[in-house]
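Colleague: First, the structure itself, so that you have it in front of you.
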Amino acid sequence: MQAWDIQFRSLSVGYGKHAVLNDINAVLPAGKVSVILGGSGCGKSTLLRHIIGLSRPLAGQVLIGGQDLFALDQPSFRRMRRQMGVLFQDGALLGALTLLENVALPLTEHLSLPRPVLHEAAMRVLRMVGLEDFARFYPNQLSGGMRKRAGLARAIIAEPRILLCDEPTSGLDPVTAARMDELLRSMNEQYERMTLVVVSHDLASLRAIADHVLVLREGRAVFSGSLPELETSNDPYLRQFLQREAGDQQMALHQPADPRVQDALEKWLHS
Ligand SMILES: Nc1ncnc2c1ncn2[C@@H]1O[C@H](COP(=O)(O)OP(=O)(O)OP(=O)(O)O)[C@@H](O)[C@H]1O
Ligand SMILES: [Mg+2]
């Protein structure tokens, strides 16, 4: 099995007529870990939706292993989709199913395997993410970090060629986040032909997992290259981003409260 790269060719994506990203040209290399980086709302999740074929581009192409994703006929498209595992931003587990059932889902959907085989396959990936003791739990009985790990287990059970993770460390404490990074790195070692794409704005994660980095800003790709190239770039915006400065973010942090609201609150507190 060959590893697949993901290529964007003059790609514009958006909603309705509104373009979120314009004229993206970049390659996320096969068998490596790529991180898509950029501020909140810049279009990272939107780009991910186009890699998995959930949305059609406004213009240009997404090539997966050299094949234009949106030019495939239905059966080829479905075959391609089966080769992709996705960890969504919130884990996207089904509340009515146990962890074991959730994790086994990609296999039960596509293969007719005997129950014990499915069970063991699900347990195997649950062990990989450290959740073997929680197989019978329901998603709402787990912490956010555990749900993310379960989402990862489900994304890898079918051993996809492309694994896409949307903010796998957001909302996790630094220790749990570091563990998630280690897990992703170990995926890349264990499945050396798997192409990983991770959306993140977590700089610690970036440095822990990235081989390749794509930086999005104001509708464009402003950098696509290796992590060392990014770290040594002289570009002022990239430097600022890497040093975590708020910089040009237009956020009005100090907004005086209306005195009438303050008065009313004051009275209410002392009533
Ligand atoms: N379903 C939708 N319909 C219309 N506009 C949308 C839709 N989803 C996202 N957008 C818009 O597209 C832009 C990019 O959103 P996207 O979710 O891709 O950002 P993001 O980079 O993933 O942000 P975050 O880091 O906060 O997750 C935003 O301006 C958002 O308002
Ligand atoms: Mg997002």
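Colleague: Pairs needed: first member in the stretch 156-167, within 16 Å of ligand 2 (Cβ to nearest atom); second member anywhere, of a type in the set (A, V, I, L, M, F, W, C) and part of a helix (DSSP H, G or I); C-beta distance under 8 Å; at least 6 residues apart or different chains.
Modeller: LEU164/LEU48; LEU164/ILE51; LEU164/ALA155; CYS165/LEU152; CYS165/ALA155; CYS165/LEU184; ASP166/LEU48
Colleague: So GLY95 clears everything in (1) under 25 Å from LYS44 (Cα atoms); (2) in a loop (DSSP other than H, G, I, E, B) except one condition, right? Which one?
Modeller: Only one criterion in (1) under 25 Å from LYS44 (Cα atoms); (2) in a loop (DSSP other than H, G, I, E, B) is unmet by GLY95, namely (1).
Colleague: Now for a separate question. Looking at LEU21, LEU93, LEU72, LEU87, which one is closer than 23 Å to GLY219 by Cβ and either not assigned by TED's automatic domain parsing to the domain that holds VAL222 or not hydroxyl-bearing (Ser, Thr, Tyr) (or both)?
Modeller: LEU21
Colleague: Which one of the conditions (1) at pLDDT below 95; (2) in contact with an Asp or Glu (Cβ under 7 Å, 6 or more places away or on another chain) does GLN2 fail to meet, given that it meets all the rest?
Modeller: Every condition holds for GLN2 apart from (2).
Residue by residue, here is whether (1) among the small types (Gly, Ala, Ser); (2) within 16 Å of ligand 1 (Cβ to nearest atom); (3) over 22 Å from MET194 (Cβ atoms) holds:
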position	(1), (2), (3)
LEU94	no, no, yes
LEU97	no, no, yes
LEU100	no, no, yes
ALA104	yes, no, no
GLU109	no, no, no
PRO116	no, no, yes
GLU120	no, no, no
MET123	no, no, no
LEU126	no, no, no
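Colleague: For the stretch 175-189, check the following and say yes or no: at least one residue is assigned to a loop (DSSP other than H, G, I, E, B) and surrounded by 15 or more Cβ atoms within 10 Å (Cβ to Cβ).
Modeller: No: zero hits.
Colleague: Can you work out which of the residues in the stretch 221-245 that are acidic (Asp, Glu) and outside any helix (DSSP H, G or I) is farthest from GLY39 (Cα to Cα)?
Modeller: Here is the first cut: in the stretch 221-245, the ones acidic (Asp, Glu) are 229, 231, 235, 245.
Checking the rest, the ones that are also outside any helix (DSSP H, G or I) come to 235, 245.
Numbers: ASP235: 16, GLU245: 12 Å.
Top of the filtered list is ASP235.
Colleague: Are any residues in the stretch 75-92 in a loop (DSSP other than H, G, I, E, B) and closer than 14 Å to ARG154 by Cβ, and if so, which ones?
Modeller: PHE88, ASP90, GLY91, ALA92
Colleague: Among the numbered conditions (1) under 24 Å from GLY41 (Cα atoms); (2) buried (at least 17 other Cβ atoms within 10 Å of the Cβ), tell me where ARG220 comes up short.
Modeller: Only one criterion in (1) under 24 Å from GLY41 (Cα atoms); (2) buried (at least 17 other Cβ atoms within 10 Å of the Cβ) is unmet by ARG220, namely (2).
Colleague: Restricting the search to the stretch 21-73, which residues are away from ligand 2 (no atom under 16 Å from the Cβ), part of a loop (DSSP other than H, G, I, E, B) and not aliphatic (A, V, I, L, M)?
Modeller: Within the stretch 21-73, PRO29, GLY31, LYS32, GLY53, ARG56, PRO57, GLY65, GLY66, ASP73 meet the criteria.
Colleague: Just to be sure I understand the filter: pairs with C-beta atoms under 7 Å, separated by 6 or more residues or on different chains, first member in the stretch 28-55 and in the same structural domain as LEU69 (by TED's automatic domain parsing) and of a type in the set (D, E, K, R), second member assigned to a loop (DSSP other than H, G, I, E, B) and within 13 Å of ligand 2 (Cβ to nearest atom). Which pairs pass?
Modeller: Pairs found: LYS44/GLY38.
The values are calculated or read from the model by the stated rules, or taken from the named source; none is laboratory data. Bear in mind that the values here come from a model prediction, so they are computed numbers and not experimental data. With ideal geometry, Cβ positions are generated from the backbone for all residues, glycine too; neighbour counts draw on all protein chains shown.
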